[in-house]
């Protein structure tokens, strides 16, 4: 199976989307769902090939004299690819309910850019070298820009400007120099087990600077102070926030950092030189500070956005701890957090469509009107916090274990503190909705979200619970990573 | 055999087309003549390119007179590439020019326009092909004089002033170059470039060579619009007919940069220019200040053409900075950027020309929601704008990646960092315009008629041909990098 196939469904569906257009919207959305299922099937084939130990790679396209574009599958990428393609299908189903229920304009453009972004995410997931990953990374920024500015009003244009500026400045100003530096020092940009920098003869100081350039240059990972775009981008329609800003875009960021740490620096190099020690405090600060900021936000999506920033920094922290256990935990957290957070975003969107409410303080008593949504919100919140019976437990456990393996219990304290904060800012939302009396008298009866949206919420919630009971396939897959 | 006569044909064909245009008079006939001549020039440049690539340098004695007496055409990888680039861009823009010129130039003057265009092309190709220093000056004057004329065709009174201003600056530049060549002749007694290159090492100690070097440096800096001697460029680009701007932006300054390369690397040799004369001390600060300040200036321009003109000066700064590295990788980066920037800047000006054609002005602040009216044009603008920024998979990325890695190789970290900084400015000035075109709702109280009103196909197709090429060069950058690296090797290797 050539990983290039993963680019085919999302790209091929674009002409269909344009062709069907607004007038035949059922066909338009059906074609996207078909493409999504095809993509999922392709990713599944790649998964089984990788598990059975086959080499899965594409040909190469020589972009620069010594560096080429090339795709190949490795465990982390397969996991990310599966995740993104699965959630693409679910989000499309959800969007049908949301976009129609909300009467959004320019839906055709929306679905086109969405498909394009998914193709770029696939390229990122299967990138065989840093150059390919960088190309895909930039393409994701550009293809999601029209989604952020979808509404076309002043607020969304301002957010779009910030989005583009922060991400592009980070990637061109910091990440690209790091890549060129690596290319000059090591003579290659390939992802190799154990890293490519060990023979480059770089001093400890250079490696520390290089690592910092990578961590801060990858603005999508939203480590402070590069995080501002994420809350701003929440002006986008909720399905965009859900898939792109809780899963695809931000996860590409942390995925990039995980890949760079594992296959460019090599975890041994980072742990023996101790260079991560300079960056880790900032990452830990991000974990705590953004949780604290999340407290102060009354807007539901803004609170979820800050919660995302905090959770992303878990993964960055896991990468920088640079032990096999912590990196596995970080990679696992990509999936675990994705299902939890997408459930929460779906719920937020459902509340917006059905009740037209965006503020948390207005949700008192709304559990009676949207019990299913609110219950799913509760499960999703448990997933983010890391409490049974939801998925986040395992990844947090692994990251904590990795911290011990790295010989520093301090980072466990950070994790636990942030978990407490998670409980404090997430759980009150469903609790208020169920147990507090409503502010104004409400009409009795259920006003749940449109059926497709509700179906999507139910599905992600189910997966959230399933992953608690059956995390083993994922852990087995990540066990195939070649560390050295 | 015709294959042996290609160097002469490349020059003679467009030169003959000019008087033919004057004889023919009718606009369409002139255009067909010019286009045919141009197309044949492209074919012969293409033929020469492959001859050089396969069999090595072509040395062609014009009129059969051998080198020291007669004029010699000397074609290596470097100028074969330039010839192909210049003739090809001219050909594509000429196709585009027909509709655009019909609208902006009085039809009674069309024959002069095409004649001047052909002369300009002759001059530019001649500069590239010749192996004789004085002949460079002659062709430089041919191209410059016809260029002043082309610029003055702009239908705005300010075009005359812009043309006059360019004439003054251009003449100063050209006289400096002439003085430089004169001194060289006095010091060495040679005008043939190969001879010059051989004799200069013996004459290096003479003050005349030093003076020649200084005059040439300043003269070439003016002609190639290196900051701070770029004053003529913005007006000329803004007010001339937009097809001319597209043609000039892709070729004129690039050819001057080629002459600069030829003199400093092949004739004087990098050891002399950058070793004993410390040329990089002069050029590098100018280049860096150029690309930083002019990118910044471009942000504040409200006229699209002026913005792109300043961005051109900034891009020339990148190219000069790459030359200053005086290494194989640095020259490769510079030459690749000559090719890449030549293509994308032409496309940008062509798309602005389409906007001018339909909208009637190029004030970036009143192009609200243009995307709905002219989707193809705006797409072209965005695609090449991304190239200007240097987004991966565009040609700009190939150039910038090689420039930055070349400067890191040399240990000049700062240059790499500053190049990136100015790329960030490029995000702002391109992004600002794109945002207006894509997302801003029209503020006019009377809504304009909505609906597609795309530029004519004859303007769109040539534009998309160039875009196709730029995408190809962006996705598979090693194609151009390989050519550029052979050209750089030819320059650094000196004359055989």
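Coordinate-derived values only; no laboratory data. Treat the numbers as computed from the prediction; the structure is a model and nothing was measured. For neighbour counting, all protein chains shown are included, and Cβ atoms are generated from backbone atoms with ideal geometry for every residue, glycine included.
Shown for B:232, B:472: other C-beta atoms within 10 Å of each C-beta, ranked fewest to most, produce the order B:472, B:232. Rg/Rh for segment B:282-496 stands at 1.02; both radii use Cα atoms, and Rh follows the Kirkwood definition.
Peptide packing: for A:418-429, A:470-481, the average count of neighbouring Cβ atoms within 10 Å per residue gives the ranking A:418-429, A:470-481, highest mean first. Across peptide A:60-67, the mean count of Cβ atoms from other chains lying within 10 Å of each residue's own Cβ comes to 6. The alpha carbons of the protein assembly as shown give a radius of gyration and a Dmax of 30.8, 104 Å, in that order.
Computing Rg and the Kirkwood Rh from the Cα coordinates of segment B:1-277 gives a ratio, Rg/Rh, of 0.98. All alpha carbon pair distances within segment B:97-215 were sorted into 5 Å bins beginning at 0; the resulting P(r) in whole percents reads 2, 11, 17, 17, 15, 11, 9, 7, 5, 4, 2, 0.
Other protein chain C-beta atoms within 10 Å of residue C-beta, averaged over A:137-149: 2. Its relative contact order, with pairs defined as Cα atoms under 8 Å and 6+ residues apart, puts chain B at 15 percent. Sorting B:199-207, A:284-292, B:392-400, A:182-190 by their mean Cβ neighbour count within 10 Å, with the most densely packed peptide first, gives B:392-400, A:284-292, A:182-190, B:199-207. Counting neighbouring Cβ atoms within 10 Å and putting the fewest first, the residues B:132, B:195, B:4 line up as B:4, B:195, B:132.
Using alpha carbons only, the radius of gyration of chain A set against its Kirkwood radius gives Rg/Rh = 0.95. Per-residue mean of foreign Cβ neighbours for A:172-185 is 5 (Cβ atoms of other chains, 10 Å radius).
Ordering A:18, B:179, B:151, B:267 from the fewest to the most neighbouring beta carbons within 10 Å gives A:18, B:179, B:267, B:151.
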